Amino acid sequence: MRNICVIGGTSNIGEVICKSLSDSYNVDKTNSLTCDVRDEKKVIDYFQGIDSLYGLVYCSALKSEYDALNDPKELERLLSVNLFGAIYCLQEAAKKIKIGKIVVIGSVDGTFGNYKKTMYAVSKAALHEYTRCFASQVKDRIEAICLVPGTISSDNDKQAIANFIKCFMDNSITNIHAQLIRMDKGNHTFPL
């Protein structure tokens, strides 16, 4: 069986993703104790312990209700996980994946902004753009996408996300690359 890492695999959505993938893959689910994504050295050490890798799902995230008039230090805290943690993990995973797939979980807040959650929206917008640039750079051997869910309010929403990721990893869905894939029940119909 091929190996997939789910960074943030012990989170609410991460658990569902791990369960969905576990019948077809060896799934290594991580949390902040096994791989503190804010610390580049710990991320490097974590990935050095992996022999081969087919896929990565990055769903580690911090949330915040800070608006545009709150302390901007909150943005630093969010970027440490929502952007820099992803950068560290994607770069290390790219060293281990010969041919494979990467899914990054973004947020619809990062596509249109949300003044009630400005700092969170900015951190996710940065994650979206990094993922697209990264995907373009590794396209010869890694298919990478950013899945952009809307509000996840039920177990069915979580399962729909996990099912999509499984289909993407299993090659049931192909020729999607360097894209933001919005999964928001059609609540936002404007272009990305």
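Selection of region 134-168 for residues being among the charged types (D, E, K, R), under 17 Å from residue 180 (Cβ atoms) and surrounded by fewer than 20 Cβ atoms within 10 Å (Cβ to Cβ) yields only 139.
Of the strands (runs of 3 or more DSSP E) lying entirely inside region 1-60, those containing at least 2 residues that are crowded, with 24+ Cβ neighbours inside 10 Å are 3-7, 53-58. The one condition from (1) under 19 Å from residue 3 (Cβ atoms); (2) in contact with a Leu (Cβ under 9 Å, 6 or more places away or on another chain) that residue 171 does not meet is (2).
Inclusion of residue 81 among residues that are closer than 18 Å to residue 30 by Cα and not small (Gly, Ala, Ser) is warranted. Tallying residues that are within 14 Å of the chain's Cα centre (by Cα) and within 15 Å of residue 168 (Cα to Cα) within region 6-25 yields 3.
Here residue 130 passes the criteria (1) within 14 Å of residue 180 (Cβ to Cβ); (2) over 16 Å from the mean Cα position of the chain (by Cα) except the one numbered (2). Annotation note: Cβ proximity below 9 Å between a residue of region 1-23 that is more than 15 Å from residue 60 (Cα to Cα) and at pLDDT below 95 and a residue that is surrounded by fewer than 18 Cβ atoms within 10 Å (Cβ to Cβ) and hydroxyl-bearing (Ser, Thr, Tyr) (sequence gap 6+ or interchain) occurs for 1/24.
From the list 129, 143, the one residue that fits, being of a type in the set (D, E, K, R) and within 18 Å of residue 76 (Cα to Cα), is 129.
The values are calculated or read from the model by the stated rules, or taken from the named source; none is laboratory data. No experiment lies behind these values; they were computed from the predicted model shown. All Cβ positions, glycine included, derive from the backbone under ideal geometry; neighbour counts span all protein chains shown.
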